[in-house]
Amino acid sequence: MKLDILRGLNTERSARRAAVVVTDVASGEQRLVKVADVAGDPLKDLIEKHIRSGKSGMEETPRGKFFLTVHVPPPRLVITGAVHISQALAPIAKLLGYDVTIVDPRTAFASAERFPDVKVIAEWPDVALPPLGIDRYTAFVALTHDPKIDDPALTHALARDCFYIGALGSKKTHGRRLDRLKAEGVSEAALARIHAPIGLDIGAVSPAEIAVAIIGEITARLRKSPEKAL
């Protein structure tokens, strides 16, 4: 790999931006495709597919054979609410490779004993969230049912390019939430990004089942193309 490509790749990785090194198998020539430049690349569709999957691989095209080496930041899951659903969701997400952080100012809930091997921040969202650097490779879920915690957390997440934002609650509860957020100046377009009621509609009842529904919806949003995502 040429030094300029390596330097460019390291810059993108440090900034938590996806990038793909495209190698022409016949000639050995390489180029770095940054995520911001994918739309203009002749291999656009293939590069997008590999970025969504997070996997490198060989591709046969009318232009020849290319090997796509994919560099995608590890996904993160930020949860507000150290609740029973979170206790099931956190280990499932970790199993799938997510870096999990739980935010909840209620110290009786936000403890290492209840969430072993998970980063727990017992602070209010306005203190806890800004240092986390929430970005387009972050899934954000609000699970407390407490507007004092979830509303400012959702406002913060909606101002970032999270690939998934979900909130617990019935349609009626979510309707009231939307009214509150609108009153705070959040736009209709931003509010439409919230998945609520949260999770796939699988008839989930228990905290563990709800956690499965949530991680299923997150996975669909991460891996499927936008027009096919649920």
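When region 133-145 is limited to residues that are of a type outside the set (S, T, N, Q) and modelled with pLDDT of 95 or more, the one that is farthest from Ile85 (Cα to Cα) turns out to be Ala139.
May I ask you to verify whether Ser53 is modelled with pLDDT of 90 or more, out of contact with any Asp or Glu (no Cβ under 6 Å at 6 or more places or on another chain) and hydroxyl-bearing (Ser, Thr, Tyr)? No, not satisfied. Per the listing Asp161, Asp150, the residue uniquely of a type in the set (Asp, Glu), under 20 Å from the mean Cα position of the chain (by Cα), within 14 Å of Val78 (Cβ to Cβ) and crowded, with 20+ Cβ neighbours inside 10 Å is Asp150.
Residue by residue, here is whether (1) of a type outside the set (Ser, Thr, Tyr); (2) surrounded by 12 or more Cβ atoms within 10 Å (Cβ to Cβ) holds:
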site	(1), (2)
Trp124	yes, yes
Pro131	yes, no
Ile134	yes, yes
Val141	yes, yes
Thr173	no, yes
Gly185	yes, no
Val212	yes, yes
Lys224	yes, yes
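When each of Gly64, Gly40 is tested for being farther than 30 Å from Ala153 by Cβ and touching a residue at least 24 places away in the same chain (Cβ under 8 Å), the lone residue that passes is Gly64. One residue stands out in region 44-94 among those that are over 21 Å from Ala220 (Cβ atoms) and among the β-branched types (Val, Ile, Thr): the one that is nearest to the chain's Cα centre (by Cα), namely Thr80.
Scan region 1-30 and report the pairs whose first residue is more than 28 Å from Pro75 (Cβ to Cβ) and whose second residue is of a type in the set (A, V, I, L, M) and open to solvent by 30 Å² or more (accessible area, probe 1.4 Å), with Cβ atoms within less than 6 Å and a gap of 6+ or a chain change. Listed by first residue and then by second, the contacts come to nothing, as the list is empty. Taking the criterion of being closer than 17 Å to Thr144 by Cα and under 21 Å from the mean Cα position of the chain (by Cα), the residues of region 96-118 that qualify are Val100, Thr101, Ile102, Val103, Asp104, Phe115. Looking across Ile198, Ile202, one residue alone is free of Cβ contacts under 8 Å to residues at least 60 places away in the same chain, within 28 Å of Arg17 (Cα to Cα) and not in a helix (DSSP H, G or I). It is Ile198.
The C-beta contact set for region 143-160 (first residue closer than 11 Å to Val103 by Cβ, second residue open to solvent by less than 20 Å² (accessible area, probe 1.4 Å) and among the acidic types (Asp, Glu), distance under 8 angstrom, 6+ apart or interchain) comprises Leu143/Asp150; Thr144/Asp104; Thr144/Asp150; Ile149/Asp104.
The values are calculated or read from the model by the stated rules, or taken from the named source; none is laboratory data. No experiment lies behind these values; they were computed from the predicted model shown. Note that each Cβ is placed from the backbone with ideal geometry, even for glycine, and that neighbours are counted across all protein chains shown. These accessible areas exclude ligands, DNA and RNA; they are computed on the full protein's heavy atoms, side chains included. Shrake-Rupley method; radii C 1.70, N 1.55, O 1.52, S 1.80 Å.
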